[in-house]
1. Being crowded, with 16+ Cβ neighbours inside 10 Å, modelled with pLDDT of 90 or more and not in a loop (DSSP other than H, G, I, E, B): is that true of residue 29 here?
2. How many residues are more than 23 Å from residue 136 (Cα to Cα) and not β-branched (Val, Ile, Thr) if we restrict to region 90-124?
3. From the residues in region 573-590 that are surrounded by fewer than 17 Cβ atoms within 10 Å (Cβ to Cβ) and in contact (Cβ under 8 Å) with a residue 24 or more places away in the chain, which one is farthest from the chain's Cα centre (by Cα)?
4. Residue 333 passes all but one of (1) buried (at least 18 other Cβ atoms within 10 Å of the Cβ); (2) at pLDDT 80 or above; which number fails?
5. Among the residues of region 618-631, is there at least one that is part of a helix (DSSP H, G or I), within 35 Å of the chain's Cα centre (by Cα) and outside the structural domain of residue 362 (by TED's automatic domain parsing)?
6. Being of a type in the set (Gly, Ala, Ser) and either under 19 Å from residue 579 (Cα atoms) or surrounded by fewer than 23 Cβ atoms within 10 Å (Cβ to Cβ) (or both) is the filter here, so list the residues in region 595-630 that pass it.
7. If residue 49 passes every condition in (1) touching a Leu at 6+ places or on another chain (Cβ under 9 Å); (2) in a helix (DSSP H, G or I); (3) of a type in the set (A, V, I, L, M); (4) within 27 Å of residue 288 (Cβ to Cβ) but one, which one does it miss?
8. Looking at 548, 552, 556, 564 in this structure, which one is in contact (Cβ under 8 Å) with a residue 12 or more places away in the chain and in contact with a strand residue (DSSP E or B) (Cβ under 6 Å, 6 or more places away or on another chain)?
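The values are calculated or read from the model by the stated rules, or taken from the named source; none is laboratory data. Bear in mind the structure is a predicted one, so any value in this text is a computation, not a measurement. Please note: Cβ atoms are built from the backbone with ideal geometry, for glycine as well, and neighbour counts cover all protein chains shown.
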Amino acid sequence: MRGALGGPRVLLRRLREVMAEPVSAQERLDKIVVLIAANMVAEVCSVYVLRVDGTLELYATEGLNRDAVHRTVLGTDEGLVGLVASQASAINLSNAQAHPAFSFRPETGEEIYHSFLGVPVLRAGNTLGVLVVQNRARRTYSEEEVEALQTTAMVLAEMIASGELSALALPGAEPAARRSLHLTGSPLSEGIALGHVVLHEPRVVVTNYIADDVPKELKHLQTAVEALRTDLDQLLEHGDVVEGGEHRDVLEAYRLFAYDRGWAHKLEEAVMTGLTAEAAVERVQSDTRARMLRQTDPYLRERLHDLDDLANRLMRQLTGRDHAPSRDNLPDNAILVARSMGPAALLDYDRKKLRGLVLEEGGPHSHVAIVARALGIAAIGEIDNATGMADPGDAVIIDGASGDMHLRPLPDLEAAYAERVRLRARRQQQYQALRDLPCVTRDGEKFTLMINAGLNVDLPHIVDTGAAGIGLFRTELQFMVAPSFPRASEQHALYRAVLDAVGDKPVTFRTLDIGGDKVLPYMRNIEEENPALGWRAIRLGLDRPALLRTQLRALLRAAGGRVLKIMFPMIATVAEFNQARELVELELTHLRRHGHKLPDQVEVGSMVEVPSLLYQLDELLEHADFLSVGSNDLFQFLYAVDRGNPRVSSRFDPLSAPVLRALKDIADKSREHNKPATVCGELASQPIGALALAAVGYRSLSLTPSAVGPVKAMLLDTDSRKAAAFLSPLIDKPSGTTSIRAELEKFAAESGLQI
């Protein structure tokens, strides 16, 4: 080795020349191993490539028997090469044959070599292969030599990732860098989407790995690191996060890493081997990702996200790019892939070109999932390391019903999904034919099907689905997607636009339901031990009456000359409802005094989602004009289960006797008092759930727009009296199992119902 400053840089320059030569992939690899062996004074240099079948194939060698190339194949649990790949870390041995993992392959002729240095070939933390040097003499390779080999492995990573080596492989044994992957997460929004990957926060693509002037690159890196630290200091000291909260905690973590001398020293060392500043950041971060992806500690995995974000910030400092990703030039059939994102960011993309969304984080009840459903795009979440495995432009299929993601799918699979999309389109056409038909069951029961909404983009669904109105308008979505608190005039404009769009059809506006997991980015977050049970929804509104009264005034003014339906969320006592209703009366008095046109009629209702109301229904129905059942929260609170937590949410089923008994009590009491009751939770949007609701007495449902067709088709074929007669004994019967889903599915199948 000629020293850390001379050897690696000379090697990198020569590698750049080889990479530019118009030769075959095999010839290029053969030249590369010769160059590495000569530069490192090694008698052997070998490249092993990870294949789609999970094995490592010898692709090129200098020093071992050439006949072993493409013949020697090792498992990732076999030999020292397999150990390097599985651990994603370097192994440096003076006597390799004494190591318990050593595996002798006679065709290679490596029994005469003792010293061994193997490093993983990494890209975005994913192992693509292994690079090895060996010598006969028993020696331990220096830190400079290890660093040089790791740096060289970066160049190989790009060659493997480009797909150039695929031509050398037999079918089924192609390099794994471009392998087809099947990943499973959580369904967020139904639908099937075929398209190509667009990264929400695209990685900066390094095009120049080899530095022409190392001192200049080192200075460039140090300047960028200093600028990054200054930016973070300013954000923390002068930005919107000065008073604390979750955003400040995240930035504090960034700053802690940014000032870490070990991190900065690793970056500088990588530049000293001859890499450009950008390549040095990519290499250090790829090594870090590879190690941390193999950690099982969730805290350490979360720190990986912080380090990824910090590396991306530094990359943009080095390249002078804006931190905000561009939304321009979105390709057709785009599938957005992100670690996490807010609802406002999703709305920035061109809806006409966006087909799907993949998130590493985010559950079905997250804000962005709600917006994805409103936009009608397929979405899945909890896909681990999605941003590290997917490259921009990769073909991808996502199934929003099952939570499946197929990255770089095989042609047969792609054709099968394309047929499913065509079948789905035909079904939608069939549902469209039902649009203008009254929703009446076989036994003559009339049903009112409305949609859930919350944004302007939802309004065309009224016409598209033939819905009878909007049974739940989530007013908080306007607040969640806005950069600052919407003024009264902005709220008034939205509510008027909604009422104008639906014409004479009813709209039920739910007042602001924030708090808990719905934190507005411009409001100070109050840390609570149990936020779902804390200061949220009507509790926040009653404690901050100016906030609630501003919204009520905007609603009342927007509904001048029309019928207005207002609904309060998270009501736990009748006293709370009456207190909120009094604010409506105060605002009506104010508008009357100032000469504003009043609504022709104001109906005030309550959400039923807190179990305490189940024991106050008679009293509540004396004061409320209508009820709306939030089945999501009612189910959650009845079972004391966090429905966003997959470890416990799957233990219980909304189609259970306790839940259906509660829902039946609400329907029965509403009928006794001659007050309408609607179900607007997720249960109503599932045909099997809608069947159960029809059986326990509901005749008004509010659904996600995409569910109107399937639910209507099912109800048109249903005999509601027969369904009630079937379900009633199951609800009342003591049983060892609380779920009656299987029995209901059997009933639907025997009745010829599509669920």
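1. Working: crowded, with 16+ Cβ neighbours inside 10 Å: yes; modelled with pLDDT of 90 or more: yes; not in a loop (DSSP other than H, G, I, E, B): yes.
Yes; evaluated as a whole, the condition is true for this residue.
2. To start, the set of residues in region 90-124 that are more than 23 Å from residue 136 (Cα to Cα) comprises 121-124.
Right, trim to not β-branched (Val, Ile, Thr) and you get 122-124.
Qualifying residue count, region 90-124: 3.
3. Taking the candidates together, the pick is 590.
4. Condition not satisfied by residue 333: (1).
5. The initial filter retains those residues of region 618-631 that are part of a helix (DSSP H, G or I), namely 618-623, 631.
Keeping just the survivors that are within 35 Å of the chain's Cα centre (by Cα) gives 631.
When the remaining residues are screened for being outside the structural domain of residue 362 (by TED's automatic domain parsing), the result is 631.
For region 618-631, residues part of a helix (DSSP H, G or I), within 35 Å of the chain's Cα centre (by Cα) and outside the structural domain of residue 362 (by TED's automatic domain parsing): present.
6. 595, 605, 606, 612, 624, 628
7. All conditions are met except number (2).
8. Working: 548 fails: in contact with a strand residue (DSSP E or B) (Cβ under 6 Å, 6 or more places away or on another chain); 552 fails: in contact with a strand residue (DSSP E or B) (Cβ under 6 Å, 6 or more places away or on another chain); 556 fails: in contact with a strand residue (DSSP E or B) (Cβ under 6 Å, 6 or more places away or on another chain).
The conditions single out 564.
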